[in-house]
1. To the nearest 10 degrees, how steep is helix 110-126 against the longest Cα principal axis of the chain, on a 0 to 90 scale?
2. Can you sort 300, 131 by how many other beta carbons sit within 10 Å, fewest first?
3. By counting other Cβ atoms within 10 Å of each Cβ, how are 153, 212, 328 ranked from fewest to most?
4. Calculated from the structure, Cα extents along the principal axes in Å equals which of (i) 151, 43, 31; (ii) 124, 49, 41; (iii) 60, 59, 45?
5. Could you sort the peptides 329-336, 353-360 by per-residue average Cβ neighbour count (10 Å cutoff), highest mean leading?
6. Hey, what angle do you get for helix 198-212 against the long axis of the chain, alpha-carbon based, 0 to 90 degrees rounded to 10?
7. Show the residues, 5+ positions off or on another chain, whose built amide H is closer than 5 Å to the amide H of residue 311.
8. Per-residue counts of other Cβ atoms within 10 Å, averaged by peptide: what ranking do you get for 79-88, 168-177, highest first?
Amino acid sequence: MGTLISSLNIALQSMEANQEALSTTTNNIANANTPGYTDQSVSLVESPPVEYGGMLFGDGVSVSQITSQRDSLLQTRLDQETQQQSSYNSYLGTMQQVQTLFNETTGNGLQTSLTSFFNSLQQLSTSPTDLSLRQGVLTAAQNLAQTFNSTSSNLSQLQESADQTVTQTVSQINTLTSQIASLNVQIASATGGSQNANTLLDQRDQAIEQLSGLIDVSQSDAGGGAVTLTTSNGTALVVGNHSVPLTTETNQATGFQDIYSQESDITSGITSGSLAGALQARDQSIPSILSSLDSLASALGNSMNTINEAGTDLNGNPGQAFFTLPSSGTVGAAATISVALTNPSQIAGSLNGTTGDNSNINAMLALQNQTIVNGQTPLDAYSNLVDQVGNDVSTATSENTSSQAMVTQLQNQISSVSGVDINQQSVNLIQYERAYQAAAQVSAVIDSLTASAIDLGQAQSVT
């Protein structure tokens, strides 16, 4: 109604509403550079009018709600692209280390050792009885075997490192899902009590984005402000206020850790996130490279053994195995191959038993041009292996760069919607400040008028 008291009440409501708006604006400015913070705005609404004497009178202003500027579609797309980018980046990190093992520019790679071995045989063929040249062949063979051993060992170490990454990542996933489940409870409580849950929503969005960097995540509304999170294949991660922890168990066949959810093996169903990248390197790429390396070591070693066993050594004795290889087949050949001969005279260079005969040495030398490794020559097989590693790294690099560009683009789009615009906040600060000052001025005027009315009433009473 149109009284001084009602006008004073309207002025006080205006001061309170603009004070809340000033506080929100100040908080926006303070968090302008806070990761994950979402710009908040105050929604001011006109209070319902009051009726007096058949007329409606305005009753001031009130704060309806404080809202965050969110775009759920953009956030979902960012989470999805983050999953892919993290997978590429994780895989690339391991495979770049693998690639360094096949870097021939240092002169210490397997290609150098292969070439040196065949060169030593070439030199021996010109003087098959020369003990120093024979020792050169054994030394080159030992270097070749050691290069196979070290390359295989380094690959296995990288595989074990990827396995450790799997275990560590599962632990990080469990920490985040537990945190998200707790935030679900807090958000549901705040929402149900008509409280401002924007800070909690920011924390949950940031936690989900971090989780997306670790594993493929699908999100759905669980009602009451809570969300349900699963993997893309439907494995539950967070259901309401409960998190579903993942566990790891040693695979007896491989010795590495498989991932379980509620006693179900989900290892093969993980498709993205850094966990998927580590699994791809551990379970696919490195085993494939090790298999190719084993095939090369086994084929070369067995071929050399067959040839040496067919000849006669320098002492006229039947030749024996040149290399020691695993009896179980090709698996582990690169890791365990070694030179069986202990004396340079044991190289069976002769086929006819004549001391100066180099026929068997030439047969050994000819292996470098024979397709003994899956239809390829030894050097071609190794070159193709190097190409395979290079192509894997090149493809992952390209995909990672492209995905990172998409992540950056989405982050910029989200920032344009949800980020704090300092210039706009400065304008809002002045706007709310002036509105507060005006309401305060109204309050002061009404206070003065009320005092005057009281004084006037007292004067009339005395008269």
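1. That works out to roughly 10 degrees.
2. Fewest-to-most ranking of 300, 131: 131, 300.
3. 328, 153, 212
4. (i)
5. Those peptides, ordered most packed to least, come out 329-336, 353-360.
6. Helix 198-212 sits roughly 10 degrees off the main axis of the chain.
7. Excluding prolines and chain starts, which carry no amide H, the hits are 319.
8. The packing order, highest mean first, is 79-88, 168-177.
Each reported figure results from applying straightforward, stated rules to the coordinates on display, with no laboratory input. Because the structure is predicted, anything quoted here is derived from the model rather than measured. We place every Cβ from the backbone using ideal geometry, glycine too, and count neighbours over all the protein chains shown.
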